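Presented below is the structure to which this report refers.
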There are 4 protein chains.
Amino acid sequence: MHIGLVGLGKMGANMRTRLRAGGIEVTGFDRNPEVSDVASIAELVAALPAGRRFVWVMVPAGDVTRGVVTELGDLLAEGDVVIEGGNSHFSDDAAHAAQLAPRGVGYLDVGVSGGVWGLENGYGLMVGGDTALVEAAMPVFDVLRPEGPRDEGFVHAGAVGAGHYAKMVHNGIEYGLMQAYAEGYELLEAKDIVTDVPGTLKAWTRGTVVRSWLLELLVKALEEDPELGEISDWVEDSGEGRWTVDEAIDSAVPLPVISAALFARFASRQGASPAMKAVAALRQQFGGHAVKPAGGS
Amino acid sequence: MHIGLVGLGKMGANMRTRLRAGGIEVTGFDRNPEVSDVASIAELVAALPAGRRFVWVMVPAGDVTRGVVTELGDLLAEGDVVIEGGNSHFSDDAAHAAQLAPRGVGYLDVGVSGGVWGLENGYGLMVGGDTALVEAAMPVFDVLRPEGPRDEGFVHAGAVGAGHYAKMVHNGIEYGLMQAYAEGYELLEAKDIVTDVPGTLKAWTRGTVVRSWLLELLVKALEEDPELGEISDWVEDSGEGRWTVDEAIDSAVPLPVISAALFARFASRQGASPAMKAVAALRQQFGGHAVKPAGGS
Amino acid sequence: MHIGLVGLGKMGANMRTRLRAGGIEVTGFDRNPEVSDVASIAELVAALPAGRRFVWVMVPAGDVTRGVVTELGDLLAEGDVVIEGGNSHFSDDAAHAAQLAPRGVGYLDVGVSGGVWGLENGYGLMVGGDTALVEAAMPVFDVLRPEGPRDEGFVHAGAVGAGHYAKMVHNGIEYGLMQAYAEGYELLEAKDIVTDVPGTLKAWTRGTVVRSWLLELLVKALEEDPELGEISDWVEDSGEGRWTVDEAIDSAVPLPVISAALFARFASRQGASPAMKAVAALRQQFGGHAVKPAGGS
Amino acid sequence: MHIGLVGLGKMGANMRTRLRAGGIEVTGFDRNPEVSDVASIAELVAALPAGRRFVWVMVPAGDVTRGVVTELGDLLAEGDVVIEGGNSHFSDDAAHAAQLAPRGVGYLDVGVSGGVWGLENGYGLMVGGDTALVEAAMPVFDVLRPEGPRDEGFVHAGAVGAGHYAKMVHNGIEYGLMQAYAEGYELLEAKDIVTDVPGTLKAWTRGTVVRSWLLELLVKALEEDPELGEISDWVEDSGEGRWTVDEAIDSAVPLPVISAALFARFASRQGASPAMKAVAALRQQFGGHAVKPAGGS
């Protein structure tokens, strides 16, 4: 099998490597000529063998993805398939599919998990779209996904959009899990009778209810830097966490834990919190409570 | 009527002033001789007229209050009444009452709200204890409480402990209210199309659903310092907020808002958050995400 | 002064009454002929005197409002002003203004607070738009707003959209305030030593830190139904609460309290919670913990 | 090695089985004679060989544990060791140790994780106490803990109390993790384009960031009951979750996620929520909003 792959950033390049190692021929395109196999998306399409052509898109979500899908729509033909594997919002997928449908170009959306570890361990794949297309692309999915039973690392989650929706929810859960471990870590650190915090977390990696891959990563981080002294408490958030809470609001689903995890990240990036200045000001007003002057120690 | 008042700090001294202005004779004792009317609690008790004697205790909760109650138990006699108006935990009240009961000394617990404004506006009073004692002490309560109908500023909330319990819940609510206004303030500040944030809050003080005394205080704070530039975002918490959440846990009552307000205060006082360092470390491990080095800008 | 008013539902009809009582002539239109003064919006516009014409729009947000604004754009002329007083999302306002601008029709957005009480007490008004237009419409605002100083019930909050933005934030705060009181109410109800819960809340209405109009309403509700036995725990939410959290996410503002209040409403309307079924299932899996069968008591 | 084991409930009996299978001789006592090896704790102590004797206590926390520790204090002698492996609050451990110390009886506290799966997989062990005692008891720990490197399933976490503290934090984290998965599950269930929710969760078990043992259990639960139709949304909580939040409050550690998970369990067990009745009553008061009458559908 021979596919096209648009986007050879960190993720895309690793995926190309894993695909080739698994026996899939890949023609890759990237704006960066140093990593690109061809000079343009048109060349990429031209390089693919006759018959149903597959082009995997792995570029930044939003305008860039929209642009690539549009360009592919012009270059591909009846029976070909665009596989959108980036971090798009699931609502973009219906638009992409509708845009390609008049030309008979099929569309699959794929949520891809695994980060930098995916090259070695395989990528968790969540796919949305028509069953016939999913089956046609299965050789590609089978190489990308982790070894083991197909259903432990791959799912055809539903209609177009379901792949990115599932990935969005996956990332929302990830926010909650990380914050839960982090709160527990802080409680351990706060207690003087606990003298081996990294060891305690490591002891949880077998036999306990909380064992997980994220826990193993936290253990690894603490082995490298037992006090996390080299790292600041400033935490970025990606679109998926926000989208998850947005979606919960649209669907009237209570999401106290995932939203709390998201807000903790927002707060981590603030200098002085306007809200807490207001609370301090209020306490001063009604109780004559001492406040810290701004800039005070 | 002539009562004793132990504790002439900011609150106690103001209460003495209001009581005297209202026609109640007060003999006050404080460790600080400059503000004290007598040299000892024994002298204070001796100064009270014959018949049922009332001593109001207004000292720091915990050991100091326990010490004063114990001393009063030795000095008072059958029919006298201790009124504990400090910020004690409600569970202390049953112990105090049990300690005094064998001598026939009655006990009332009073939650007092109003802060520095109480001198002028009157104090909100929540009382726990026997009805007969509450009625006997009513002349004192009537002077301390705000003018207006008695039931809009005073309540006999229930048995011993109910006064402090009600005050604890009052303060827990206060945490939630303050945080709600503060979050709204921050949202206004964050939006460029809103150019008059202090004016917006002021406009809410009449006719709106959110009008309240706390809102008026926030307006006042913003009139004094429109950007809250002179105040830090470091917010202390008092015992009552913590006790409210503890009590919710004991009673299995969900308390998402009040607990969130309490945790926001905890977070406001942290330098680097260990939890968020752990989240940052996790993101770095699984995704190769950039982290800020500690001390970085 | 003589203005047009489109939309005579509960709010619009009350506003017409208050405007007329305050000396503003009003021609009102509603799809319901029983309450309408004219048969169409065209007739309404025709009924207004020459010179700058003002039409206040008070219809459901979204498509209905968009339709009315579009129709007014066709009927009005250079110098006229549309005042949008409904519950629109602030992002609609820029679109409305841009739509009207080519014809020289001005646009103001007004957030209106006060609910059914506004007829008597006046409405809190938050206005967005150009200063000249705000000043031109001031006679109308002065009648609608509560008596007292103008700035305690009215604000020109900023540019187009700022009025609805401020109202959105107002409602978000309202969610947090209500939930804070409600949590406190539940804690009081849960404690056996507190025997007078309605009286305790009533006592807070003067002299305390938590006194507010909402508290007075809760006291009133408890006077009518001391156990709230006639009311279910099912709580609707309006768009503004959701929009407030959405906006916080867009602006990366932590909003733990207001979001918790929103989620509590979502949860109140669920029958069986899928999330809690999942937690119960998990506990059963790892611990052999007993679960309740569905439909069990 | 030959040890005593007091308490042969579900956990204790399984541990006896695993210990014996691992070559540790065990004399067990339980109030239930059908499972007990001896008729009394005195007989149990008498059955142990001369030299340092170890008695593992695995009975309900609180009074029962205190009673057994006290009885063992009377029966054991200088150099013997009590290992408290139940779900005690960490603050009990210092008291236990202090009670035994005058007789020269040593004390270790052990947090044990693994539930019903521990018999087969081994138990995660977190130990508090003196290093010499921990080393002396290591043959017992090595049999109980999971196979693999010792530090991936066992930790000497710190001083007396550190074992139970670590287990408490472990369980608090567990609450947060479970709620995070559960919220994600509900979001998937709420979305019509996602047609294979159990398959989506199963696909996450390899290669993704959220893979964990708890996720595997949720997958198993959904394989047994794909709609969770046989299970109610009523979720119990154990002491450790509450203790974790209590401890956070004592230590001023923000715990938004774990507390939200705890409160969600409280809410799951409520019939009508008093708080949400209060919110509904408030909405009715200020807005004339419709409420559901109690008992309405």
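The values are calculated or read from the model by the stated rules, or taken from the named source; none is laboratory data. Owing to the predicted nature of the structure, the values given are computational and were not obtained by experimental measurement. Reconstructed Cβ throughout: ideal geometry from the backbone, glycine too, with neighbour counts over all protein chains shown. The area values use the complete protein model at the heavy-atom level, side chains included, leaving out ligands, DNA and RNA. Shrake-Rupley method; radii C 1.70, N 1.55, O 1.52, S 1.80 Å.
Considering C:GLY104, C:GLY128, C:GLY86, the condition of being over 12 Å from the mean Cα position of the chain (by Cα), of a type outside the set (A, V, I, L, M, F, W, C) and over 30 Å from B:TRP213 (Cβ atoms) is satisfied by C:GLY104 alone.
C:TRP243 fulfils the conditions (1) open to solvent by 20 Å² or more (accessible area, probe 1.4 Å); (2) not in a helix (DSSP H, G or I) except for a single criterion, (2). Somewhere in the range D:266-281, is a residue touching a residue at least 24 places away in the same chain (Cβ under 8 Å) and closer than 30 Å to B:SER273 by Cα? So far as the range D:266-281 goes, yes, one or more of its residues are touching a residue at least 24 places away in the same chain (Cβ under 8 Å) and closer than 30 Å to B:SER273 by Cα. Under 7 Å between Cβ atoms, at least 6 apart or on separate chains: pull out the pairs that start in the range D:105-116 with a residue that is part of a strand (DSSP E or B) and end on any residue that is buried (at least 24 other Cβ atoms within 10 Å of the Cβ) and at pLDDT below 90. What qualifies is D:SER113/A:GLY207.
When the residues of the range B:25-84 are filtered to those that are open to solvent by 60 Å² or more (accessible area, probe 1.4 Å) and small (Gly, Ala, Ser), the one that is farthest from B:PHE141 (Cα to Cα) is B:ALA39. When you check A:ILE231 against the structure, is it away from chain B (no Cβ under 14 Å), buried (at least 20 other Cβ atoms within 10 Å of the Cβ) and of a type in the set (Val, Ile, Thr), yes or no? Answer is no for this residue. C:HIS156 meets each of the listed conditions (1) within 10 Å of chain B (Cβ to nearest Cβ); (2) open to solvent by 10 Å² or more (accessible area, probe 1.4 Å); (3) of a type outside the set (S, T, N, Q); (4) farther than 17 Å from B:TYR185 by Cα apart from (4). Here D:LYS191 clears all of (1) open to solvent by 10 Å² or more (accessible area, probe 1.4 Å); (2) over 25 Å from A:GLY163 (Cβ atoms); (3) at the interface with chain A (Cβ under 10 Å from one of its Cβ atoms) except the condition numbered (2). Taking every residue in the range D:45-64 that is farther than 22 Å from D:VAL134 by Cβ and pairing it with any residue that is among the aliphatic types (A, V, I, L, M), at least 6 positions away or on another chain, the pairs with Cβ-Cβ distances below 8 Å are D:ALA47/D:VAL38. Of all positions in the range D:246-261, at least one carries a residue that is at pLDDT 95 or above and more than 7 Å from every other protein chain (Cβ to nearest Cβ).
Listed by first and then second residue, the pairs linking a residue in the range D:199-222 that is within 7 Å of chain A (Cβ to nearest Cβ) to a residue that is open to solvent by 10 Å² or more (accessible area, probe 1.4 Å) and assigned to a helix (DSSP H, G or I), with Cβ atoms under 6 Å apart and 6 or more places separating them unless they lie on different chains, are D:LYS202/D:VAL219; D:THR205/D:GLU216; D:GLY207/A:ASN121; D:VAL209/A:GLU174; D:VAL209/B:PHE286; D:VAL210/A:GLU174; D:ARG211/A:TRP213.
A:ALA252 meets the conditions (1) under 24 Å from the mean Cα position of the chain (by Cα); (2) open to solvent by 40 Å² or more (accessible area, probe 1.4 Å) in every case but one. The failed one is (2). In the range C:49-57, the condition of being part of a loop (DSSP other than H, G, I, E, B) and modelled with pLDDT under 95 is met by at least one residue. Of the residues making up the range C:113-131, those that are open to solvent by 10 Å² or more (accessible area, probe 1.4 Å) and under 16 Å from C:ILE83 (Cβ atoms) are C:ASP130, C:THR131.
Inside the range B:246-263, can you point out the residues that are assigned to a helix (DSSP H, G or I) and more than 19 Å from A:ALA281 (Cα to Cα)? B:ASP246, B:GLU247, B:ALA248, B:ILE249, B:ASP250, B:SER251, B:PRO256, B:VAL257, B:SER259, listed by residue number. Residue selection: D:ASP225 fails the criterion of being modelled with pLDDT of 95 or more, within 8 Å of chain A (Cβ to nearest Cβ) and open to solvent by 10 Å² or more (accessible area, probe 1.4 Å).
Among the residues of the range B:166-178, the ones that are open to solvent by less than 10 Å² (accessible area, probe 1.4 Å) and either at the interface with chain C (Cβ under 7 Å from one of its Cβ atoms) or of a type in the set (D, E, K, R) (or both) come to 7 in all. Looking at D:LEU144, D:LEU119, can you tell me which residue is at pLDDT below 95 and closer than 21 Å to D:MET1 by Cα? Selected residue: D:LEU119, the only one of D:LEU144, D:LEU119 that is at pLDDT below 95 and closer than 21 Å to D:MET1 by Cα.
Taking the range B:23-44, which residues are in contact (Cβ under 8 Å) with a residue 12 or more places away in the chain, outside any helix (DSSP H, G or I) and out of contact with any Leu (no Cβ under 8 Å at 6 or more places or on another chain)? B:GLY23, B:ILE24, B:GLU25 - these are the residues of the range B:23-44 that are in contact (Cβ under 8 Å) with a residue 12 or more places away in the chain, outside any helix (DSSP H, G or I) and out of contact with any Leu (no Cβ under 8 Å at 6 or more places or on another chain).
Against the list (1) within 17 Å of D:LEU201 (Cα to Cα); (2) more than 20 Å from the chain's Cα centre (by Cα), the condition A:GLY153 fails is (2). Out of B:ALA97, B:ALA132, one residue alone is touching a Phe, Trp or Tyr at 6+ places or on another chain (Cβ under 6 Å), part of a helix (DSSP H, G or I) and either in contact (Cβ under 8 Å) with a residue 40 or more places away in the chain or more than 9 Å from every other protein chain (Cβ to nearest Cβ) (or both). It is B:ALA97.
Looking at A:GLY106, is it out of contact with any Cys (no Cβ under 9 Å at 6 or more places or on another chain), closer than 16 Å to A:ARG53 by Cα and not hydrophobic (A, V, I, L, M, F, W, C)? Here the answer is yes, as A:GLY106 does meet what is asked.
On the basis of being at pLDDT below 95 and either open to solvent by 10 Å² or more (accessible area, probe 1.4 Å) or among the hydroxyl-bearing types (Ser, Thr, Tyr) (or both), does A:SER297 make the cut? Yes; evaluated as a whole, the condition is true for this residue. Is it true that D:GLY163 is open to solvent by less than 10 Å² (accessible area, probe 1.4 Å), more than 7 Å from every other protein chain (Cβ to nearest Cβ) and touching a strand residue (DSSP E or B) at 6+ places or on another chain (Cβ under 6 Å)? Yes: the conditions hold for D:GLY163.
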